[in-house]
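> Questions regarding the structure given below will be posed in turn.
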Amino acid sequence: MNEEELTPHFEELKKELEGKIDDAQLKKELNTYLNEYRVTIDAAKRGIKRKYGVDPTLAFVTGDSITKKISDLAGTEMNVDIIARAVFTEKKTVSVRGEQKTIVSGILGDETGTAPFTVWEGVNVDLVKGETYRFKNAYTKTWNEKVQVNLGSRGKVEKAEGVKLDVPDRALSADTTDVKIGDVRDGIGNVNVTGRILSVETRSITVKGETKEVHSGLIADDTGKIQFSAWNDYNLKKDESVCIKNAYIRSWKGIPQLNLGDRCEVSRVDDSFGEIDAAASSKKTVSEIMSAGGGLDVSITGTVVDMRGGSGLIKRCPQCNRSVLNDECATHGSVTPVFDLRMKLTLDDGTGAISAIVNRPDTERLIGVTLAAAEGLAKAHGDIEVVAREIAPKIIMKKVTVTGNVLIDEYGPMMIVKKVEADVVDVKAEAERLLKELEAAL
Ligand SMILES: [Zn+2]
């Protein structure tokens, strides 16, 4: 890429980084990403933004937002205002990175159409069905050619006083759709699916003082697998194939689940799925996962473009296992922390970026540095951060395949990695080199 082609990207980054780095430094960063790491310009931009603390998945305000009608939304808006009626709203509590938060989702509509929306942050107005609101500083995404409206931390919902909208009262469709399991999404209404039961178990749970049985497990077809829960006993058995009619979708931590409620019908069908490997994960791209709103047991192959803060040697509270700074746990006060090793990676596969949290055993295996060695190194240097600095060059710009469940929140997709494969380091040589350095430091 020549100077001239690079200029608009340079200017865009400069604006978004808001003086966090000077021009020379930015040029150097771009050069490193493009010529040394050899990534695409989009990956380079995302990597640099992340590095300097600008989350590239967040909408940023580049000036005044514009107001659009729903039918004019392209699904790529970063900052847009929409005046629309709340056709349907629902408050839900979701778990975002281990924290409970309340979000509001639903359908909004104007004269030109309807679109699903989610307010992720600071729901400052109790949205009332049928009322008209101004959704400010929203950003949009598309799934299945349908635009979705999102409000993040910069978004705002205000009552649109005195605005008259001629919105036809659309009843939400009560029709059920036949879908492949791989296409099941939150918000698609009631569905019919056909698949093979991979596992099923019955548990007793207590709901409002009453003991109930819930039957849950995994069901799969040739496109994917999904967890299901049934409140009635359909006598589901492992390895049998069933057609489930009128099930509904609920997401748990961003991962859609199939719920068999009272209106659901189950019938046995001939199995036409052939080999289904229950342990197999499905290969997905980041953009496919973004469209799906999350994923169960998916694999992504991409390049590690960043290792973020909170990686390397970290301290955890011995009681709640949360990571702690300055030996202070938010819940348990002053504690004697235990050490752990992990990596918080940013992986880019060319369609988008995903955050991947790699646990201690996989970190040790990939990097060739054990927790004990990392502790030794930190001690020798009198600095815990030295471990992250040692690890980073070994993993950044390496191609890795990660497998796990992907949760999505307003910061983008995140995977708790269950399995990771990489062409990384000569572990033995690395261990020897580290040992030498350790000895030299003592
Ligand atoms: Zn604690």
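> Which residues, taken from the range 301-344, are hydroxyl-bearing (S, T, Y), part of a loop (DSSP other than H, G, I, E, B) and either within 16 Å of the ligand (Cβ to nearest atom) or more than 24 Å from the chain's Cα centre (by Cα) (or both)?
T331, T336
> Hey, can you tell me all the residues within the range 1-40 that are polar (S, T, N, Q) and either in a helix (DSSP H, G or I) or within 28 Å of the chain's Cα centre (by Cα) (or both)?
Our first condition is that a residue be polar (S, T, N, Q); within the range 1-40, this holds for 2, 7, 25, 31-32, 35, 40.
Scanning the range 1-40 gives T7, Q25, N31, T32, N35, T40.
> Taking S287 as meeting all but one of (1) over 30 Å from K91 (Cβ atoms); (2) outside any strand (DSSP E or B); (3) of a type in the set (S, T, Y), write down the number of the exception.
(1)
> Something else: Quick check on E275: is it over 30 Å from A372 (Cβ atoms), more than 16 Å from the ligand (Cβ to nearest atom), among the acidic types (D, E) and without any contact (Cβ under 8 Å) to a residue 12 or more places away in the chain? Show your work before the answer.
On the way: over 30 Å from A372 (Cβ atoms): yes; more than 16 Å from the ligand (Cβ to nearest atom): yes; among the acidic types (D, E): yes; without any contact (Cβ under 8 Å) to a residue 12 or more places away in the chain: yes.
Judged against the criteria, E275 is a match.
> Only one of these conditions is not met by E288: (1) within 16 Å of the ligand (Cβ to nearest atom); (2) within 28 Å of the chain's Cα centre (by Cα). Which number is it?
(1)
> Restricting to the range 399-415, name every residue that is charged (D, E, K, R) and surrounded by 17 or more Cβ atoms within 10 Å (Cβ to Cβ). Show your work before the answer.
Pass one, the range 399-415, residues charged (D, E, K, R): 399, 409-410.
Listed by number, the residues that qualify are D409, E410.
> Anything in the range 130-167 that is in a loop (DSSP other than H, G, I, E, B), touching a residue at least 40 places away in the same chain (Cβ under 8 Å), at negative phi and over 29 Å from the mean Cα position of the chain (by Cα)? List them, or say none.
Selection gives E131, A160, V163, L165, D166, V167.
> Separate question: Suppose we filter the range 368-403 for residues that are among the aliphatic types (A, V, I, L, M) and farther than 19 Å from K315 by Cα; how many remain? Break it down stepwise before answering.
Our first condition is that a residue be among the aliphatic types (A, V, I, L, M); within the range 368-403, this holds for 369, 371-374, 377-378, 380, 384, 386-388, 391-392, 395-397, 400, 402.
Checking which are farther than 19 Å from K315 by Cα leaves us with 395-397, 400, 402.
Residues meeting the conditions: 5.
> Right, something else. Quick one: how many residues across the range 310-322 are touching a residue at least 60 places away in the same chain (Cβ under 8 Å) and either assigned by TED's automatic domain parsing to the domain that holds L34 or small (G, A, S) (or both)?
Count: 2.
> Can you tell me which of D64, D42, D55, D23 is of a type in the set (D, E) and at pLDDT 85 or above?
Numbers: D64 fails: at pLDDT 85 or above; D42 fails: at pLDDT 85 or above; D55 fails: at pLDDT 85 or above.
When all the criteria are applied, what remains is D23.
The values are calculated or read from the model by the stated rules, or taken from the named source; none is laboratory data. As the structure is a computational prediction, the values presented were derived from the model and not from experiment. Glycine also receives a Cβ, built like all others from the backbone with ideal geometry; neighbour counts cover every protein chain displayed.
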